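Data block below; observations after.
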Amino acid sequence: MKKKDIIEGKIIKTEFPNKGTFICEDQKVTVKGVIDGQTIKGQVTKKRKSGCVVRLLDVLEKSPLEDAKPVCPHFGICGGCFYQTVSYENQLKIKEGMVRDLLKDYVNDDIWEEIKGSPKVHGYRNKMEFSFGDEVKDGPLALGMHKKNTFHDIVNITDCQIVDNDYNLIVKCALNIAQQMELPFYHKMRHEGYFRHLVVRRAESSGDILVNIVTTSQVEADLTKLRDTLLELPLSGKIIGILHTTNDSLADVVQADKIDILYGQDYFYEEILGLKFKISPFSFFQTNTLGAEILYKTARDFVGETKDKVIFDLYSGTGTIAQMLAPVAKKVVGVEIVEEAVEAAKVNAELNGLDNCEFIAGDVLKVVDELEDKPDFIVLDPPRDGIHPKAIQKIIDFGVEQMVYISCKPTSLARDLEVFEAAGYKVKRATAVDQFPNTVHIETVVLLSQQKPDDTIEIDLDLDELDATSAELKATYQEIKDYVLKEFGLKVSSLYISQVKRKCGIEVGENYNLPKSENARVPQCPNEKEDAIKAALKYYAMI
């Protein structure tokens, strides 16, 4: 098997988000964009010692899990909604299985709580960003989503199923008028053109709609006809604001150099769990309003009793979680790096009559050193990449008994849990909440509790000072850790290295990682990390 070879195989396992593996010619093959049980055809793109990477070309046989027909006419072309061929019941099973697999070292059956689904499977999104472009090079103007596996091509979206039909009517109208204006879209490589994005937001509680047309300043265009035509649409909701945002950034992101109100106002109100939130064009807010209610109810349940407690809500966004907890807490302090989100949080807290919330703009890594209050409880809701390693240690140093960690990327959560566990925290409750039906994304919520003396304890001693065999001196524990991290992307503890060494017949000190109590359970090295450590030992000629 070599690069560019076309091979076939049946997926035997999938990992988050949708990466599958199969065996071909006694080698492990990895391929993205698949479902467990599918038989696929792909082209080899990378060759490694551990196996090869394949680009998916075709699905030859469906998975037994694929028991539904796609409801969207854009399925397979558009890059979203991967699971449309899978019933929602099976989608939840797949997502739950992936999260459980990622967290298997930290979460057992006793503490896992069944995954919670979204109240809506279709029409659930309250915000969509559509891009202007062309479906083929130099083709007619298009407006929609990026074509699957491409950066430039745009699929005209006329019947998206994860939004209310009002969105589809607005997109068709905007594209029609834009084509009549005969102005070019912004070309990302040449940095030339006018039309960039169309952003639509809709309140679940009221049906109020904000429409935001995003362009460059390269053309002086009259958007009056577009505004008037949008207002004439027969929508189920109501457009209460039409905005024109000027964005000359070279990056392919929606941001504002200038915002002009073409009609109405630049905000609406959304309600969630009895609280009211002001939503503006660039406000962060969970994209599935009804799903967010389930997520926040779950987080509030995990937090438990908060009377007379000071709660830190780190990575607080617009302060949604903080305001859920504020009525039953002594004080809530929110920290968020995006200043606009912090200002929105302050407005929303005042709107809801909450005077025990404090919101601070800044990087959690830096701000926690300056906080005067000491927390009794910490809520963490970091971005997709998780918590900065240095910030984790500062959070641990607060020494709170319990924390709730909300994660939108379970791989980042699994990485951070290893650090928390090493510091003495153990997962006491865990569940997943699906806010993104038909897609690969999932939210995970865990309750972390500081271990008591009789719980599992891992003490990481400097084993290089305890062991002095000739084999040991070939590589220090830190060198082995660095090798495993570099080659396999895994973090391993000295305890795990010692366990693997003993399995390989390498003598280690007798007093390593002694527990504090006789009935303490010593965690065992997972198979994946054991294989990686063995590879490091072979690299350093220790076995």
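The values are calculated or read from the model by the stated rules, or taken from the named source; none is laboratory data. This one's a predicted model, so the numbers in the text were calculated from it and none came from an experiment. Note: ideal-geometry Cβ built from the backbone for every residue, glycine included; neighbour counts use all protein chains shown. With ligands, DNA and RNA removed, areas are computed over all heavy atoms of the protein, side chains included. Shrake-Rupley method; radii C 1.70, N 1.55, O 1.52, S 1.80 Å.
A few remarks follow.
- Residue within region 390-403 that is assigned to a strand (DSSP E or B) and touching a residue at least 24 places away in the same chain (Cβ under 8 Å) present: yes
- Inclusion of residue 2 among residues that are free of Cβ contacts under 8 Å to residues at least 12 places away in the same chain and either exposed (fewer than 13 other Cβ atoms within 10 Å of the Cβ) or of a type in the set (A, V, I, L, M, F, W, C) (or both) is not warranted.
- Test: residue in region 281-296 that is of a type in the set (D, E, K, R), more than 25 Å from residue 145 (Cα to Cα) and open to solvent by 30 Å² or more (accessible area, probe 1.4 Å): yes
- Pairs, first part of a helix (DSSP H, G or I) in region 360-386, second not β-branched (Val, Ile, Thr), C-beta under 6 Å, six or more apart: 364/314; 364/391; 365/388; 365/390; 365/391
- Count - residues of region 483-503 that are modelled with pLDDT of 85 or more, open to solvent by 10 Å² or more (accessible area, probe 1.4 Å) and not basic (Lys, Arg): 7
- All conditions in (1) part of a loop (DSSP other than H, G, I, E, B); (2) under 21 Å from the mean Cα position of the chain (by Cα); (3) crowded, with 20+ Cβ neighbours inside 10 Å; (4) not β-branched (Val, Ile, Thr) hold for residue 95, with the sole exception of (1).
- Residue in region 17-25 that is open to solvent by less than 70 Å² (accessible area, probe 1.4 Å), touching a residue at least 60 places away in the same chain (Cβ under 8 Å) and in a loop (DSSP other than H, G, I, E, B) present: yes
- Considering region 138-176, and only residues there that are among the β-branched types (Val, Ile, Thr) and part of a loop (DSSP other than H, G, I, E, B), the residue that is surrounded by the most Cβ atoms within 10 Å (Cβ to Cβ) turns out to be 157.
The rows are residues; the columns are (1) in contact with a helix residue (DSSP H, G or I) (Cβ under 8 Å, 6 or more places away or on another chain); (2) open to solvent by less than 30 Å² (accessible area, probe 1.4 Å); (3) closer than 30 Å to residue 120 by Cα; (4) modelled with pLDDT of 95 or more.
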| residue | (1), (2), (3), (4) |
| --- | --- |
| 401 | no, no, no, yes |
| 404 | yes, yes, yes, yes |
| 410 | yes, yes, yes, yes |
| 416 | yes, yes, no, yes |
| 419 | yes, no, no, yes |
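- Contact annotation: residue pairs with Cβ atoms under 9 Å, 6 or more positions apart or on different chains, pairing a residue in region 262-285 that is β-branched (Val, Ile, Thr) with a partner that is open to solvent by less than 20 Å² (accessible area, probe 1.4 Å) and in a strand (DSSP E or B), are 279/201; 279/210; 279/268; 279/270.
- Within region 26-76, the residues that satisfy the criterion of being assigned to a strand (DSSP E or B), open to solvent by less than 50 Å² (accessible area, probe 1.4 Å), closer than 30 Å to residue 144 by Cα and touching a Ser or Thr at 6+ places or on another chain (Cβ under 8 Å) are 31, 54.
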